[in-house]
Amino acid sequence: MSADTKQNLITQNTITIDGQEIPFQAGQTIMDAALAAGVYIPHLCHRQGLTPHGSCKLCVVDIASRSASSHNSNRRLQAKFAVDADSRSASACTMPAVAGQQISNNTPALNEVRKTITQMLFIEGNHICPSCEKCGDCTLQAMAYHLGMLDGHFPQFFQHREVDASHPTIMLDRDRCILCELCVRASREVDGKNVFAIAGRGINAHLVVNSASGKLVDSDLETSDMAAHICPVGAILIKEHGYEVPIGQRTFDLHQVSEIGLEKIILTKARQPDE
Amino acid sequence: MKNVSDADSNTAGTAGLIHSIIAKAYAESPHLLHVLYALQQQCLHISEEAVREVAAHLDLPSSQVDAVVEFYSFFHKIPRGRYDILFSNCTSCGYMAGGVDLMAMLGQQLNIVADNTRGDGLVSMGQTSCIGMCDHGAALLVNGMPIISLDVAMIARIAALVEAETPLKDWPSGWFQVDDNIRVSGLLLKDDLSAGVGLRAMLALGTEDTLSEIIQSGLRGRGGAGFSTGMKWQLCREVQGSAHYVVCNADEGEPGTFKDRVLLHSYADSLFEGMTVCAFAVGAKQGYLYLRGEYRYLLPHLQSVLVRRRELGLLGVDILGQPGFSFDIDIVVGAGAYICGEESALIESLEGKRGIPRVRPPFPVTHGYLGQPTVVNNVETFIAAAHIVLRGSVWFRAVGTEKSAGSKILSISGDCAAPGIYEYPFGVTIRQVLDDCGAKDAQAVQVGGPSGMLIGSAEFDRRLGFDDLSTGGSLMVFSQARDLLVVIVNFAHFFAHESCGFCTPCRVGTTLLKNGLDKIASGHGTRYDLDEMQRLATLVKCRSHCGLGQTAANPILDGLQRFPQVFEQRLVHRDFEPHFDLDAALGEARQISHRDDAAAHIE
Ligand SMILES: Cc1cc2nc3c(=O)[nH]c(=O)nc-3n(C[C@H](O)[C@H](O)[C@H](O)COP(=O)(O)O)c2cc1C
Ligand code: SF4
Ligand code: SF4
Ligand code: FES
């Protein structure tokens, strides 16, 4: 192949994920392009329509380095693809799609990394799944199932985290917060408010409420806000709606976390058995 | 010194006081960090009420003010003592540097536990990450002022001075005297440019030629990453924006690094000259010097240099009579956060937020301060640039190597006869450096600080440079007598403490690494724990969001590779040892019940 034709191939707006060619539009991230094409890349802090965040790192992928993808024959490229040293890690939810990117996503090695990161999220907080209203609807829990996680693996941190039950209709249990900032962004970008923020540093990072008392009751959060519903775990819950859908018929009893477009189902909380 | 927290009983009085402190500080500098500093300084803490007042006065969400207060180490929600003493915990200038635990000693004499304020509010004590005094032995900050070369006798005197409530200005002035300790001078350290010579040379060259001199000089960033300075300036210049900014990174938080402290102290004119050259090249009107909180004591000096330069027409409107060339520099002082040395976190901090590294791309050259094109360079980089416009790129290239032009200023500390500042042409061997600083029996050298590389004596013929041993300037020497595991444990604690907490691998991973190393160091680790360290360290390195997480595991990985014996000799030879230590778990109960007899322990 001449250098020119090769160049043409590469400049077409496609990326390759696990060998599958996927189109993208200018401005899309790898995650955008993948989801649009029905390819699942695990994610917890990402939600279409909100500014990408890049913090949970569930969406880590490996991108083959330029040198490997631009001047090697296809066969060598395939061989090189398996070699870690020739690729670099990126967060799919924030990394812009660039024509010709060779991306590995659903590989045993990457899913092992993701499993470890999920375990980290479990042991840093206090997740007592059987007693949590979110059980079965929780994306973190579903992710653990998806990745074949059987235990927390690491010793628990047992951190002290505050519960805020001050609001008449909304409950904030920081024990379960994974610091994904979905509620922070939803409040700012969709609800046009600014109810939440993260304070503190390192392992002491925690969710704070933007009100004079620091309590939810004094904030302008309302039940109809997206921020009140977007939490992927059971940290923000609507009060007085416990266990309306029985265990066994909840979102992730009926769906895999890897199904595309689940967000709507989770958000509307319309959890019908026939979904 | 005034203890205004006494006034807490008088609510109206406190409110008025808080309000007036905020108003005064805000009038002097509207920067959130500066307003919070004034409150911390005068009220000894930043109360919930103060947070609300600041938010109202600066028109910020109270959650943002709250978040900032809790992010930076030098802000506190619980009152500190009127004497607030922070020991460095660096391996070179920390409280253990002389082999004795000076912090425990002071604690005993003042009857105070670390991380606490004494009941009478007189004194609080704690530890803080490296304060950049590594060539002066053990050091501490008292109310922000560094005291160096600590020893046992001084600790007793400090305790007495505190108990007598002697004002700091009456403490022995020699204690606060921080000398430069310049041992070897090269290209840049020979002289501080006399004010304006670089700028005149620059004006004679014009914008295009100034930029091309910098590009041709081959100058690469001295802050660690080594990006071409000329390229950075050119990229920034080419970006359209409502304003361009020049930012000097004087955060110097890497343990074992103190060369920027010396440059700020004795070469400030060269630095400001370099920033002005950059402004000329990229078309900036405003510059910022981001000074780490630990170096606040240099602020009056730096400000006086700025004032003098304005008087000389070297800053301000129509600099040196050049119509339309206007530029000025403000100093913003940090408040104790290593991550704020990362350029995008630094910019966040400049904007009055927590120092969380941004998603990149976009990079600061296109979307920096306030979203505008911004150059961020290290102190030493700007100084080199000022010399280059004056003396030419050929002069600069004549020194160093092909890939690494010019010189590198090193901060050398640890086990050597003459710690201090050494300037070498790039390409110098570690062996040469060790000979010069009188390091006789080095077993290992930490090049580039904890985030850099730990090498053993087999590698002492390697050379400093971007293509071999890259360094932001720190070089810590460890003699045969050192227990390297203690060093590696120290570094692991450093990173866990400094992780910003944004991304999962670093936030949780650095703490897991710290805990795992503690387990091994305390003699409870097994082969399994060692393998776990390796796996976890690799994950943290490869999957973290920014340079902090990506380098935090380096000491562990280097240690496992080069000095496996320091880990292995601590292992218990069992397959498994639980993480949960029953005896340690009873520690709190023992403390509460004031018991420490055999029956209060479980073996
Ligand atoms: C955790 C972390 C800390 C850093 N600290 C500093 C620092 O204290 N000083 C500095 O100049 N660069 C520091 N850097 C590098 C900066 O991000 C940036 O690359 C540098 O300021 C660019 O200037 P230069 O090109 O002149 O080196 C740090 C980077 C990271 C990831
Ligand atoms: S409360 Fe929920 S949505 Fe908000 S940061 Fe925590 S886990 Fe994310
Ligand atoms: S790597 Fe560490 S310091 Fe960097 S963003 Fe992640 S948590 Fe923050
Ligand atoms: S989904 Fe990309 S980092 Fe969280």
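Shielding by partners for peptide B:507-516, expressed as the average number of C-beta atoms from other protein chains within 10 Å of each residue's C-beta, is 5. Peptides B:99-111, B:263-275 ordered by packing proxy, namely the average of other Cβ atoms within 10 Å per residue, highest first: B:263-275, B:99-111. Equivalent ellipsoid of region B:29-89: semi-axes from √(5λ) of the C-alpha gyration tensor, largest first, are 21, 11, 11 Å. Once the convex hull of all Cα atoms in region B:1-150 is built, its volume per residue stands at 109 Å³. Its residue count N sets the reference 2.2 N^0.38 Å, and the alpha-carbon radius of gyration of region B:184-397 equals 0.93 times that reference. Considering region B:83-177, its Cα convex hull presents a mean projected area of 5.3 nm². For region B:316-379, the alpha carbon convex hull comes to 108 Å³ per residue, rounded to a whole number.
Report the trypsin sites (Lys or Arg not before Pro) located in region B:146-249 that are in a DSSP loop and have at most 13 other Cβ atoms inside 10 Å of their Cβ, or state none. Listed in order of number, the matching sites are B:K190. Eigenvalues of the alpha-carbon gyration tensor of region B:60-109, scaled by 5 and square-rooted, set the equivalent ellipsoid semi-axes at 31, 14, 6 angstrom, largest first. With Cα atoms defining each centre, region B:509-560 and region B:566-598 are spaced 20 Å apart in the structure. Each distinct pair of alpha carbons in region B:150-214 adds a 1/r term; the inverse of their mean, the Kirkwood radius, is 16.8 Å. The DSSP beta bridges internal to chain B are antiparallel in roughly 45% of cases. Label 7 Å along Cα→Cβ of A:D220; region B:57-100 residues with amide nitrogen under 18 Å? Inside the label zone: B:57-65. Estimated translational diffusion coefficient (Stokes-Einstein, Kirkwood radius over Cα pairs, 4 °C, 1.567 mPa s) of chain B: 51 µm² per second.
What is the percent of Cα-Cα separations in region B:402-448 that go past 14 Å? Tail of the P(r) past 14 Å holds 48 percent of the pairs.
In this structure region B:438-510 gives 28 Å² per residue of accessible area when probed at 1.4 Å with all protein chains present. Based on C-alpha pairs under 8 angstrom that are at least 6 apart in sequence, region A:126-274 has a relative contact order of 29 percent. Between B:V100 and B:R308, what FRET efficiency comes out of the Förster formula 1/(1 + (r/R0)^6) with R0 = 60 Å and r the beta carbon distance, rounded to 0.05? Calculated value: 0.85. Counting only DSSP beta bridges whose two residues both lie in the protein assembly as shown, roughly 60 percent are antiparallel.
Derived value for region B:407-482: Kirkwood hydrodynamic radius 11.9 Å. Basis is the mean of 1/r over every pair of different alpha-carbon atoms.
Taken residue by residue and averaged, Cβ atoms of other chains lying within 10 Å of the Cβ of A:205-215 number 5. Summary value for region B:407-482: 37 percent relative contact order, contacts being C-alpha pairs under 8 angstrom separated by 6+ residues.
Restricting region A:98-194 to chymotrypsin sites (Phe, Trp or Tyr not before Pro) that sit in a DSSP loop and have at most 10 other Cβ atoms within 10 Å of their own Cβ leaves A:F158. Kirkwood-type hydrodynamic radius, region B:108-159: 12.0 Å, calculated from all non-identical alpha-carbon pairs. Overall shape: oblate for region A:126-274, with the ratio a/c of the largest to smallest alpha carbon gyration tensor axis at 1.5 or above and b/c at least equal to a/b.
Looking at region B:531-603, which chymotrypsin sites (Phe, Trp or Tyr not before Pro) are DSSP coil and have at most 13 other C-beta atoms within 10 Å of their C-beta? Passing sites in region B:531-603 are B:F576, B:F580.
Pairs from the list A:K115/A:K264; B:K285/B:K353; A:K193/A:K264; A:K57/B:K77 with a Cα-Cα gap above 27 Å: A:K57/B:K77. Within 10 Å of the Cβ of each residue in B:55-66, the mean number of Cβ atoms contributed by other protein chains is 4.
Protection proxy ranking, highest mean first, for peptides A:255-265, B:290-300: B:290-300, A:255-265, where packing is the per-residue count of other beta-carbon atoms within 10 Å, averaged. Across all Cα atoms of the protein assembly as shown, the radius of gyration (one decimal) and Dmax (whole number) stand at 27.9, 84 Å. Show me, bin by bin at 10 Å from 0, the whole-percent P(r) of region B:288-342 based on Cα pairs. Going from the shortest bin to the longest, the percentages are 23, 40, 25, 12, 0.
By a 1.4 Å probe calculation restricted to protein chains, B:S228 has an accessible surface near 40 Å², given to the nearest 10. Phi-derived couplings, Karplus 6.51 cos²θ - 1.76 cosθ + 1.60 at θ = phi - 60°, listed residue by residue for region B:189-194: 8, 4, 8, 7, 4, 5 Hz, with x used for Gly and Pro. What is the distance in Å between the Cα centres of region B:445-502 and region A:191-249? Each part's Cα centre sits 42 Å from the other's. A crude spin-label estimate for the pair B:V152 and B:H594, with each label 7 Å from Cα along the Cβ direction, gives 2.9 nm.
Computed over the protein assembly as shown, the per-residue total of -39500 (n - 2.57) for DSSP H runs of n ≥ 4 gives a 222 nm mean residue ellipticity of -11000 deg cm²/dmol, rounded to 500.
The values are calculated or read from the model by the stated rules, or taken from the named source; none is laboratory data. The model shown is predicted, which means the values in this text are computed figures rather than measured ones. Backbone-built Cβ (ideal geometry, glycine too); neighbour counts: all protein chains shown. SASA here: full protein model, heavy atoms, side chains in, ligands and nucleic acids out. Shrake-Rupley method; radii C 1.70, N 1.55, O 1.52, S 1.80 Å.
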